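The values are calculated or read from the model by the stated rules, or taken from the named source; none is laboratory data. Fair warning: this is a prediction, and the values are worked out from it, not measured in the lab. Cβ placement follows ideal geometry from the backbone for every residue including glycine, while neighbour counts extend to all protein chains displayed. For the accessible areas, the whole protein counts, side chains as well, though only heavy atoms, and no ligand, DNA or RNA atoms are used. Shrake-Rupley method; radii C 1.70, N 1.55, O 1.52, S 1.80 Å.
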Amino acid sequence: MTHASTVLAPPAVPPQPAPGKVAGPRPGGAGALAVGLFLGVRLAGAAVLALVGHGAGKDPLMLLGRSWDSVWYLGIAAHGYGHSLHLRSTIVSDLAFFPLYPALVRAVVALTPLGWIGAGLLVSWTSAAVAAAGIHAVGSRLYGRSVGVTLVLLWALLPHSVVLSMAYTEPVLTALAAWSLYAVLAGNWLWAGALAALAGLARPNGFAVAAAVMAAAGCAAWRRRGRVSHRLWTGAALAPLGWTAYVLWVGRRTGRPLDGYFEVQRRWGSRFDLGRGALDLLHRSLLHGSRFALPMALVIVAVGVLLYALLLVERAPLPLLVYSGVLLLVVLGGSGFFESKPRFLLPAFPLLLPLARALVRTARARPWHATVVVAALAGLGYGYGAYLVVFGSAPL
């Protein structure tokens, strides 16, 4: 089997495992610490949200389990596809929402005494913990365990990380993406392709994982002049199947085989127009004033672009560059609710690698400076997350 990470990762990569074996953090070691730290951070965030919600007279469980898109996903889990709604002089359909998360929720309800909200939150929290373990594994493999733990901490403290505690699909996508990318770095192409296929069933932007796997496979095959294992080609072929299958299924169901899904998205106001719709929205918002969430979203997206530039400068491995680049391209080039764009960047955890490395260096040289940075990020993440869910009028 071709060893992808030997040609795709920077020189600082630690020694690689034998082909076909995916090495991760030892049980009970830094991996467990990273997951425990993540759960502690997110539990504290949920507690802050619960206090703010209670003070505003709102049920915290309903805020976490039935806000915005959560209602659609739980509806699909309970009743299947087929619901539509009149919105903005058009009819929008639940076919815009991908099937993996509702299927997992339905399975939990069938196997446990939990109701729909409880099952939705269990799937999200479990997926977020699995994602934290995968993010730690990627960061540790590339730059050591300290960076891996710090990468998880930064991901848990993002301004929109409150979504990781809600009945949303970003935790599922991130979990599949992180472990698929890790499998690519470890040279396990079958796992990488299978997980990428599942990621394609989780969210519309899940095809970014397939793009990363296929790009890495193509690069490895080119460098080895095609002398690679059949597992590489099989993994690359598996990667796009989930996303493609759902898009074609929606096309068949709507009677428009090739563009049915994209028509469904257009009715929601979501399309790829090279950013023209987003620029028009920003122009109108600057002229007529806007809610707090919109300028905050603009700042977060701008920071995402800057972090991607740093990722390029640091010559991150190709699959991480492709994965993050595709997610960022979707955010920059897509129309729709601009306030939702920071949420779309939540799965793009490789963007945080430059910050994680810098924070580790700061912690070693000036521990109190690093402590202040983490405390400030926690205050921003908890406060802004509670504002978005409890008081925000824009869709998450």
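What the table below lists for this structure:
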read-out	value
Ranking by accessible area, most exposed first, for Arg106, Arg227 with a 1.4 Å probe	Arg227, Arg106
Amide H partners (placed H, <5 Å) of Gly336, local residues excluded	Arg271
Stretchable slack from Leu380 to Ala56, in nm (0.36 nm times residue separation minus alpha-carbon distance)	114.7 nm
Most to least packed among 247-259, 91-103, 198-210, 214-226 [average Cβ atoms within 10 Å]	198-210, 91-103, 214-226, 247-259
Segments 146-153, 125-132 sorted - mean Cβ within 10 Å per residue, highest first	146-153, 125-132
Rh by Kirkwood over Cα pairs, then Stokes-Einstein D for the chain at 0.890 mPa s and 25 °C, µm²/s	114 µm²/s
Modelled FRET efficiency - R0 41 Å, Arg366 with Thr254, Cβ distances, 0.05 increments	0.10
Estimated FRET transfer efficiency when R0 is 35 angstrom, pair Thr244-Ser393 (beta carbons, to 0.05)	0.45
Computed [θ] at 222 nm, helices only, for the chain once each DSSP H run of length n ≥ 4 contributes -39500 (n - 2.57)	-21500 deg cm²/dmol
Spin-label pair Val71/Thr126, simplified geometry with 7 Å Cα→Cβ offset, distance in nm	2.7 nm
Most to least packed among 344-351, 235-242 [average Cβ atoms within 10 Å]	344-351, 235-242
Loop-resident sites, the range 292-328, for chymotrypsin sites (Phe, Trp or Tyr not before Pro), counting at most 15 other Cβ within 10 Å (DSSP)	Phe292
Paramagnetic label zone (point 7 Å from Cα along Cα-to-C-beta, Ala358; backbone N under 18 Å) in the range 292-308	299-308
Extension gain from Leu310 to Leu332, taking 0.36 nm per residue of separation minus the Cα-Cα distance	6.2 nm
Which of Lys341, Lys58 is most accessible, then next, and so on - probe 1.4 Å	Lys58, Lys341
Rounded, prolate or oblate (a/c below 1.5 giving rounded, otherwise prolate when a/b exceeds b/c) for the range 73-149 by Cα gyration tensor	oblate
Size of electric dipole in the chain: Cβ of Lys, Arg +1 and of Asp, Glu -1, about Cα centre, debye, nearest 20	820 debye
Calculated FRET value between His86 and Ala110, using beta carbons and R₀ = 25 Å, to 0.05	0.20
